[in-house]
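A short worksheet on the structure shown next.
Only the coordinates and a few stated rules stand behind these numbers; no lab work does. What you see is a predicted model; the values in this text were computed from it and never measured. Glycine gets a Cβ as well: all are built from the backbone with ideal geometry, and neighbour counts include every protein chain shown.
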Amino acid sequence: MYTHSIKKLPKNTLEISISIPWKDIQTEYTKAFAVIQKDTSIEGFRKGKAPKEVAEKHIKREDVYNNLLQTYVPSIYSEIVKKENLKPIISPKLDLKSAAENKDWDLVIHVAEVPTITLGKYKEAVIAAKKEVAKAGKQKQAEFQASLAATLTAAKVEVSDLIVEDELNGRLARIVDDVQKIGLTMEKYLESKKMTKEDFNNQIREEITETYKMEFVLQKIADEEKIQVEKAELEKMLAAVTDPKEKEAAMKNMYYYASLLRKQKTLDYLSSL
């Protein structure tokens, strides 16, 4: 039976250390091998029907171990999450520390939970910010932006580096694709912006961090102010969708649309202060 321990890191990041006895690895290896064997075609035999000793000559051990990692380790992680009542909000990051044959395996999983959020005196900050903007005769949009900035300044929230890096990798991949579509390399693109790769990455990290901070803060405000989305509101939204396929897709993603409506209601609440 595996053993585990959990270490709390800054910014609501968790480090889960897991040790798996070699005998358990052997058992799971046998299971993983059987799965691959069933899907392996070997000349002279029907698919998946070759004897084990024959299949072992055609199936790479690393493929079996990869299958084991993709099935057994996630099951262990799920058990730990349930047992320890963890609330992960992103996919776990796995790091194999030791995975040699005939020895116990040691691995570490890092995961992020929802950060601790302190809203502070955000209502007073929003009211003051709107008054300051009004003195300059600014438009409504300026008041709205000032309200968001004041809310974020009043709040205290630290976003896990795991969340930021996960989003950063995805965003950078999309940027590289977009840059290549217009016939540029990233080097030329960065040169045109007069930025180093490090500066560019740091700029995106800051943008991602601020975006997530605002998302978490808005969720916290919605919770405290008991802002809810009523069934009638969702039905009204659905009624506005006339295309049958679009309506079907919307019905399958009601949670997503409910979260969008709740966010908008929270933004409207800030604007009303």
For this session: Name the single residue, out of those in segment 17-74 being of a type in the set (Ser, Thr, Tyr) and in contact with a Gly (Cβ under 9 Å, 6 or more places away or on another chain), that is farthest from Ile109 (Cα to Cα).
Result: Ser41
Exercise. Exactly one of (1) within 25 Å of Asp95 (Cβ to Cβ); (2) small (Gly, Ala, Ser); (3) surrounded by fewer than 14 Cβ atoms within 10 Å (Cβ to Cβ) is unmet by Ala134. Its number?
Worked result: (1)
Problem set entry | When residues of segment 191-214 are limited to those that are touching a residue at least 40 places away in the same chain (Cβ under 8 Å) and charged (D, E, K, R), the one nearest to Val157 (Cα to Cα) | Lys213
For this session: Taking only segment 13-50 into account, find how many residues are surrounded by fewer than 18 Cβ atoms within 10 Å (Cβ to Cβ), touching a Phe, Trp or Tyr at 6+ places or on another chain (Cβ under 9 Å) and not hydroxyl-bearing (Ser, Thr, Tyr).
Result: 4
Problem set entry | Candidates Ile117, Ile89, filtered to the one that is within 30 Å of Lys220 (Cα to Cα) and buried (at least 18 other Cβ atoms within 10 Å of the Cβ) | Ile117
For this session: Return only the number of the condition from (1) over 28 Å from Gly170 (Cβ atoms); (2) within 23 Å of the chain's Cα centre (by Cα); (3) among the hydrophobic types (A, V, I, L, M, F, W, C) that Ile42 does not satisfy.
Result: (2)
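Of all residues in segment 152-202, count the ones that are among the aliphatic types (A, V, I, L, M) and under 30 Å from Leu270 (Cα atoms).
The total comes to 9.
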For this session: With the checklist (1) of a type in the set (Lys, Arg); (2) under 30 Å from Ser19 (Cα atoms); (3) touching a Leu at 6+ places or on another chain (Cβ under 8 Å) in hand, flag the one item Lys103 doesn't pass.
Result: (3)
